[in-house]
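See below for the structure under consideration.
The values are calculated or read from the model by the stated rules, or taken from the named source; none is laboratory data. The model shown is predicted, which means the values in this text are computed figures rather than measured ones. Every residue, glycine as well, gets a Cβ built from its backbone with ideal geometry; the counts of neighbours run over all protein chains shown. Note: accessible area is taken over every heavy atom of the protein model, side chains too, but ligands, DNA and RNA are not part of it. Shrake-Rupley method; radii C 1.70, N 1.55, O 1.52, S 1.80 Å.
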Amino acid sequence: MPTPSIQRSDTISLPLVITLAATMMLGPFSLDTYLPAFPAIAVDLGVSSQAVAVSVSVYVFALAIGQLIGGPLSDKLGRKQVLMAGLLIFAFASALLATLHTLPHFLIGRALQAIGAGWVLVSVPALVRDRISGQEAAKLFSFLGLILVVAPGIAPSIGSLLLKIGHWSGIFVFMAVYAVLMIPLLIKIVFSEPPLPRPVEKVPGSIIQRYVAVFKNRTALAYIAWQVGAFSVMMVFITHSSFIYQDHFGQSADAFAIMFAANIAAMFCCNLVNRALLARCFSSLHILQLATGLQGIGLVALTLAAVFAWPVWVFLPAMMITIGAHGALSPNIQACYMEHFAQNSGTAAALLGACQFGGAGLLSALSGLLPHTLLSVVLAMVACGLLAQCFMWRSVWRGRAMNSPEY
């Protein structure tokens, strides 16, 4: 399939960019805010913290399903309808989660919450692709990521604060309120703008036909596997982060929040470097290769730290390198991938998001079957990282397979 020609359009407004980033924050908030509450939730539900951690995998799987459904619907019905419906579903499920007291009901509530989040998150890359492309799109995805990395950094701190002033259910009330407040903001800023500078051509066909059209672009599909490997490294860490810092290293909930935020600070720095390189006309693919190599270095350091039982103050920098690299990985994979889809951009974004979260959810769930030790968690992260490393070296040695448009 020939690569799409690069079209440059006027950059979109800063308020719109910030609003889109705030919308995407819904994902990290719903995934990370309740992490410090695992012990408290486990006590109330009468299960172990490890059983509560299953809710992370359930959420990620359901998020993938939500995106698979929401993406084609947004192409067919419009971004606004799907986005607003997703916010309402998310808000309802979050309020419901605040009232549940059994693990099965809790997991069902998390799945429903993730369906709504999936409809929301899949709409944002499509909205970006509707408006802008090429080098400007790469910069915009990077800017969205720059704002977005703030959410995982502050989410555990918000959760820890809410735990101090009340019950863990307050965390889910916070999520519901956040989703409801986003509705008027989106209506006023995103959907009240003048017509798109590059109107999206409606493409007829069923959901299956739309996915078939996306699957025909094998060059673009390679980026999906790359994203699954790189993102799974972070998902395995998130799933076991409470065990790593609170159980293995014996840190308090407050210390856990700070250490978790340190990884996000590293992502923030990598994102800043990414933006600087893009401004100097480095291609997204070259930056992607560098970021994948950096993640590999971090994984090697983590393995050494786990094998030789290094203390937490040595382990933490190695984890910061590993997770921080994602600040440059994710926006460049999105930019390279979405550039191939001027049409069916919602469906394309859905496939990327579903594979990203579905694959990462499966791999993080499988990691829970391993012995509950630090070395097992790190080796699971290494195994996921090897997938990204394979595509990185393949793109270096066999550029034809990973050839992308020049940004």
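Can you tell me the FRET efficiency between residue 88 and residue 310 if r is taken as the Cβ-Cβ distance and R0 is 45 Å, rounded to the nearest 0.05?
Numbers: r = 47 Å, r/R0 = 1.05.
Given R0 = 45 Å and the Cβ-Cβ separation, E is 0.45.
Could you check the spin-label model distance between residue 47 and residue 216? Points 7 Å from the Cα along Cα→Cβ, value in nm.
For residue 47 paired with residue 216, the spin-label model returns 4.4 nm.
Kindly provide the helix-only [θ] at 222 nm of the chain, computed as the sum of -39,500 (n - 2.57) over DSSP H runs of four or more divided by all residues, to the nearest 500 deg cm²/dmol? Kindly include the intermediate steps, with their values, before the conclusion.
Numbers: 17 runs with 313 residues, N = 407.
Dividing the helical sum by the residues of the chain leaves -26000 deg cm²/dmol.
Quote the accessible area belonging to residue 105 in square angstrom, nearest 10, computed with a 1.4 Å probe and with ligands, DNA and RNA left uncounted.
100
Rolling a 1.4 angstrom probe over the protein chains, ignoring ligands and nucleic acids, what is the accessible area of residue 286 in square angstrom, nearest 10?
Using a 1.4 Å probe on the heavy atoms, I get roughly 100 Å².
Determine the order of 247, 254 by accessible area, beginning with the largest, at a probe radius of 1.4 Å.
The ranking, largest first, comes out as 247, 254.
Let me check against my output: what whole-number percent is the relative contact order of the chain, with C-alpha pairs under 8 Å and at least 6 apart?
RCO, the chain: 28 percent.
Based on the mean of other beta carbon atoms within 10 Å per residue, what is the order of 118-129, 80-91, 53-64, most packed first?
For the peptides 118-129, 80-91, 53-64, the packing ranking is 118-129, 53-64, 80-91.
What does the convex hull of the alpha-carbon atoms of the stretch 265-341 project to on average, in nm²?
5.3
How much solvent-accessible surface does residue 29 expose, in Å² to the nearest 10, with a 1.4 Å probe and all protein chains in place?
Counting only protein heavy atoms, the figure is 10 Å².
Using a 1.4 angstrom probe on the protein heavy atoms only, could you order 381, 24 from most to least accessible area?
Largest accessible area first, the list is 24, 381.
Could you put 281, 355, 336 in order of accessible surface area, largest first, with the 1.4 Å probe and the full protein assembly present?
Numbers: 281 105, 355 45, 336 0 Å².
Listed by decreasing accessible area, they come as 281, 355, 336.
Each label point is 7 Å from the Cα along the Cα-to-Cβ direction; what then is the distance between the points at residue 165 and residue 262, in nm?
Going by the 7 Å Cα→Cβ label model, 2.7 nm.
Note down the magnitude of the dipole of the chain about its Cα centre, charges +1 on Lys and Arg C-beta and -1 on Asp and Glu C-beta and zero elsewhere, to the nearest 20 debye. Mind showing how you got there, number by number?
Values: 20 positive and 12 negative charges, 187 e Å.
Roughly 900 debye, rounded to the nearest 20.
Express the accessible area of the chain per residue in Å², computed with a 1.4 Å probe while the remaining protein chains stay in the model.
39
What would the Debye equation give as log₁₀ I(q)/I(0) for the chain at q = 0.13 Å⁻¹, counting only Cα atoms as equal point scatterers?
-1.08
Mind listing which chymotrypsin sites (Phe, Trp or Tyr not before Pro) in the stretch 292-363 are in a DSSP loop and have 10 or fewer other Cβ atoms within 10 Å?
On the way: sites: 308, 313, 315, 337, 341, 357; in loops: 308, 341.
Of the chymotrypsin sites (Phe, Trp or Tyr not before Pro), the ones in loops of the stretch 292-363 whose Cβ has at most 10 other Cβ atoms within 10 Å are 308.
For residue 282 and residue 375, what is the calculated FRET efficiency with R₀ set at 30 Å and r taken between the beta-carbons, to the nearest 0.05?
On the way: r = 36 Å, r/R0 = 1.21.
Efficiency, rounded to the nearest 0.05: 0.25.
In whole percent, how big is the carbon plus sulfur part of the accessible area of the chain, probe 1.4 Å, protein atoms only?
Carbon with sulfur: 72 percent of the solvent-accessible area.
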